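So the structure is just underneath, and the comments pick up after that.
The values are calculated or read from the model by the stated rules, or taken from the named source; none is laboratory data. Note that the structure is predicted; figures quoted are calculated from it, not measured. Counting neighbours? That spans all protein chains shown, and the Cβs are built from the backbone with ideal geometry, glycine included. Remember, those area values only see protein heavy atoms, side chains included, never the ligands or the DNA or RNA. Shrake-Rupley method; radii C 1.70, N 1.55, O 1.52, S 1.80 Å.
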Amino acid sequence: MRRRLIEATVESLAQEGYAGSSLSSIVRRAGVSRGAQVHHYPNKQALLLDAAEELLKNNYRQIGEALLGMPEGGDKLQAVVDTVWQQFFETAQFRAYCELLTAAQRDAALMTAMRTMVRRVFDLFSPASAHYFETKDSGTRSAELFLQLGFLLSGLALQADLLDNRAMIRAQVQLWVDLVRPQLRARKGVRTPPPRPGVWDQPLRNQLPATAAVRKRKA
């Protein structure tokens, strides 16, 4: 039931936008009862935040599967970039995520929640990047290079429709790979996923500041 609600939320955000994604329309799209929705998610914000975090967790899992599924000596840097771009930034999932980011500009409680979520994501991806990769220059951390990659891909994806030039976008992504490759290498012999952070299984809404929780209840 929870999975159906999250999938319906992502579809609604991508197709109808934030304003058009009312709780009742999401429930209808999911084909569940209002009682089932209330049982899992007491309000729209709780559902939206859970959906947003699930998008990023899925991307995290996909990256790990791509890396661990490669034979030793494979081009793991290229695999990471291709997986992130194709499985998140080129999909309706990213459009849904952008709808939440845009809505947060005018919703203080949602902004607080999204900021908390982003911090959790950084806490997740930073040790994972060090688990799979190492830099040849001790003055630069792998996490910093992948953070730069995230900003690059976000900007390209946001402007993809305006640019309307898939080849040019792919060339820009590949340029980052070529520039970073001399500085970054995959760690040898890594056949296990990185340690899972303690907050992984804790709902985001339980990690929000009390003031944000109060604003959410009043919304």
*Consider V81 against the criteria (1) within 20 Å of T135 (Cα to Cα); (2) aliphatic (A, V, I, L, M); (3) modelled with pLDDT under 90: it satisfies all of them except one. Which criterion is unmet?*
(3)
_Every residue in the stretch 152-199 that is touching an Asp or Glu at 6+ places or on another chain (Cβ under 9 Å) and either among the acidic types (D, E) or in a strand (DSSP E or B) (or both), please._
L184, R185, A186
*Among the candidates D82, D107, residue that is of a type in the set (D, E, K, R), touching a helix residue (DSSP H, G or I) at 6+ places or on another chain (Cβ under 9 Å) and within 17 Å of Q45 (Cβ to Cβ)*: D107
*Within the group R166, R181, R170, which residue is modelled with pLDDT of 90 or more and in contact with a Phe, Trp or Tyr (Cβ under 9 Å, 6 or more places away or on another chain)?*
R170
*A128: modelled with pLDDT under 95 and surrounded by 18 or more Cβ atoms within 10 Å (Cβ to Cβ), yes or no?*
yes
*asked:* Given (1) surrounded by 17 or more Cβ atoms within 10 Å (Cβ to Cβ); (2) over 19 Å from the mean Cα position of the chain (by Cα); (3) at pLDDT 90 or above, identify the lone condition not met by E134.
replied: (1)
*Can you tell me which residue within the stretch 88-120, out of those that are within 21 Å of R196 (Cα to Cα) and surrounded by fewer than 17 Cβ atoms within 10 Å (Cβ to Cβ), is nearest to the chain's Cα centre (by Cα)?*
V118
*Can you tell me which residue in the stretch 1-44 is farthest from A113 (Cα to Cα), limited to those that are in a loop (DSSP other than H, G, I, E, B) and of a type in the set (A, V, I, L, M, F, W, C)?*
V32
_Suppose we filter A52, A46, A36, A14 for residues that are more than 22 Å from the chain's Cα centre (by Cα) and open to solvent by less than 30 Å² (accessible area, probe 1.4 Å); which single one remains?_
A36
_Conditions (1) part of a helix (DSSP H, G or I); (2) out of contact with any helix residue (DSSP H, G or I) (no Cβ under 9 Å at 6 or more places or on another chain): number failed by D50_ = (2)
*All but one of (1) small (G, A, S); (2) in contact with a strand residue (DSSP E or B) (Cβ under 6 Å, 6 or more places away or on another chain); (3) under 22 Å from L55 (Cβ atoms) hold for G155, so report the exception by its number.*
(2)
_Can you list residue pairs whose Cβ atoms sit under 8 Å apart, with the first residue in the stretch 118-134 being in a helix (DSSP H, G or I) and the second being aromatic (F, W, Y)? Count only pairs 6 or more apart in sequence or on different chains._
L124/Y60; L124/W200; F125/Y60; F125/F146; A128/Y60; S129/F146
*Go through the stretch 74-95 and count every residue that is more than 22 Å from Q148 (Cα to Cα) and part of a helix (DSSP H, G or I).*
1
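Okay, residues lined up against (1) hydroxyl-bearing (S, T, Y); (2) open to solvent by 80 Å² or more (accessible area, probe 1.4 Å); (3) modelled with pLDDT under 70; (4) within 30 Å of Q45 (Cα to Cα):
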{"residue": "Q174", "(1), (2), (3), (4)": "no, no, no, no"}
{"residue": "K188", "(1), (2), (3), (4)": "no, yes, no, no"}
{"residue": "L204", "(1), (2), (3), (4)": "no, no, yes, yes"}
{"residue": "Q207", "(1), (2), (3), (4)": "no, no, yes, yes"}
{"residue": "V214", "(1), (2), (3), (4)": "no, no, yes, yes"}
*Considering only the stretch 53-73, how many residues are part of a helix (DSSP H, G or I) and in contact with a Lys or Arg (Cβ under 7 Å, 6 or more places away or on another chain)?*
2
*Please state which of the following conditions L77 fails to meet, knowing it meets all the rest: (1) under 21 Å from W200 (Cα atoms); (2) touching a Leu at 6+ places or on another chain (Cβ under 7 Å); (3) of a type in the set (A, V, I, L, M).*
(1)
